[in-house]
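Structure first, commentary second.
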Amino acid sequence: MVEEKEQKHRRFAIINGDDFGFSQGVNQAIIQAHSQGVLTSTSLMVSGDAAEDAIALAKNYPDLAVGLHLVLVCGKSVLPPSQIPHLVDSDGNFSDNPTQAGLNYQFNQATREELRQEIRAQLEKFRDSGLQLSHVDGHLHLHVHPVILGILVDLANEFNIKLMRLPSEELAKSLKLDQRNLLIKIVWSVVFGQLRRYGENLLKAHNIEFANRVYGLLQTSNVTEEYLLGLIPQIQADFIEIYSHPAIVNAGEPLNTPGGEIELGALLSERVREALVVNGFELTNYVKLNSVAASSALKYN
């Protein structure tokens, strides 16, 4: 009897571009990074100024997975201000202070039902786009706030939410590559580490999947080619997401991040693509993983 050959050990990398729909320049960068580079996935701000343009572009690139980039801070609401007065100002703008917003959502009971209404409205607007929902994450990661994450879990079956982002990266690896903003990195590592542990338990209980490691938080606006070339060989997890904020700077448009063009360059780098291949990573996205048997092997690793 001939023994079956041992199945090749597989590693999967999702490369995501956040803020799709923020501006024409962000949309252009994400499409370029997908069509010419390593980007496999993106997250749509349905209330963004260029959301309709992003939706139209995405429909021309069927291999680009699109998730919801939930906006509950530093952006505009979908619902009118009169319906959610405890969340937004008279112009429909959320707070620009994520700490203040988080505390408000945690301790102000009046915000709870309004949050549920706005989150539902953003999910409905995404559904109305006709795009398949790949995953859910959030602007400035406010989606991992316990109140917000709980609402998303409650709505998961209705909106077919099968995967969510839970930031998780090793502080030591980040500092080995770049020690700038040391105090901020330490604080974020502690805070988001605790939120990750809470999120893991909640998502597991509701059969919602998440990547082993998610890189980008500790290197916000500086996910450069150099950083990725140093990071990728260090990664030990087999199911990862790396996210960044690629952008093309167009005159008259607001910036979503100061390092957008540098991060776009990293996603277009052939050296980065080669590093992923050399280290055994298959480029994929959440839609593809969810549609094949391989996803069951990745669940809750």
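Here are some residues: Val187, Val147, Val153. Which one is within 18 Å of the chain's Cα centre (by Cα) and open to solvent by less than 80 Å² (accessible area, probe 1.4 Å)?
Result: Val153 is the single residue among Val187, Val147, Val153 that is within 18 Å of the chain's Cα centre (by Cα) and open to solvent by less than 80 Å² (accessible area, probe 1.4 Å).
Taking the condition of being open to solvent by 30 Å² or more (accessible area, probe 1.4 Å) and touching a residue at least 60 places away in the same chain (Cβ under 8 Å), how many residues in segment 12-34 meet it? Full working, then the answer.
Taking segment 12-34 and keeping what is open to solvent by 30 Å² or more (accessible area, probe 1.4 Å), we get 22, 24, 28, 32, 34.
Now narrow it down to the ones that are touching a residue at least 60 places away in the same chain (Cβ under 8 Å): 22, 24, 28, 32.
So the answer is 4.
Residues are listed down the side, and each one gets a yes or a no for (1) of a type in the set (A, V, I, L, M, F, W, C); (2) part of a loop (DSSP other than H, G, I, E, B); (3) out of contact with any strand residue (DSSP E or B) (no Cβ under 6 Å at 6 or more places or on another chain); (4) farther than 21 Å from Leu163 by Cα:
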position: Gly17; (1), (2), (3), (4): no, no, no, no
position: Ile31; (1), (2), (3), (4): yes, no, yes, yes
position: Gly67; (1), (2), (3), (4): no, no, no, no
position: Pro80; (1), (2), (3), (4): no, yes, yes, yes
position: Asp89; (1), (2), (3), (4): no, yes, yes, yes
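Kindly evaluate Val136 against the criterion of being in contact with a His (Cβ under 7 Å, 6 or more places away or on another chain), of a type in the set (A, V, I, L, M, F, W, C), within 18 Å of Leu68 (Cβ to Cβ) and buried (at least 16 other Cβ atoms within 10 Å of the Cβ). Lay out the reasoning, then the answer.
Numbers: in contact with a His (Cβ under 7 Å, 6 or more places away or on another chain): yes; of a type in the set (A, V, I, L, M, F, W, C): yes; within 18 Å of Leu68 (Cβ to Cβ): yes; buried (at least 16 other Cβ atoms within 10 Å of the Cβ): yes.
Yes.
The values are calculated or read from the model by the stated rules, or taken from the named source; none is laboratory data. For clarity, every value in this text was computed on a predicted model and none was experimentally measured. Neighbour counts run over all protein chains shown; Cβ positions are idealised from the backbone, glycine included. Just so you know, the surface numbers come from the protein's heavy atoms only, side chains and all, with ligands and any DNA or RNA stripped out. Shrake-Rupley method; radii C 1.70, N 1.55, O 1.52, S 1.80 Å.
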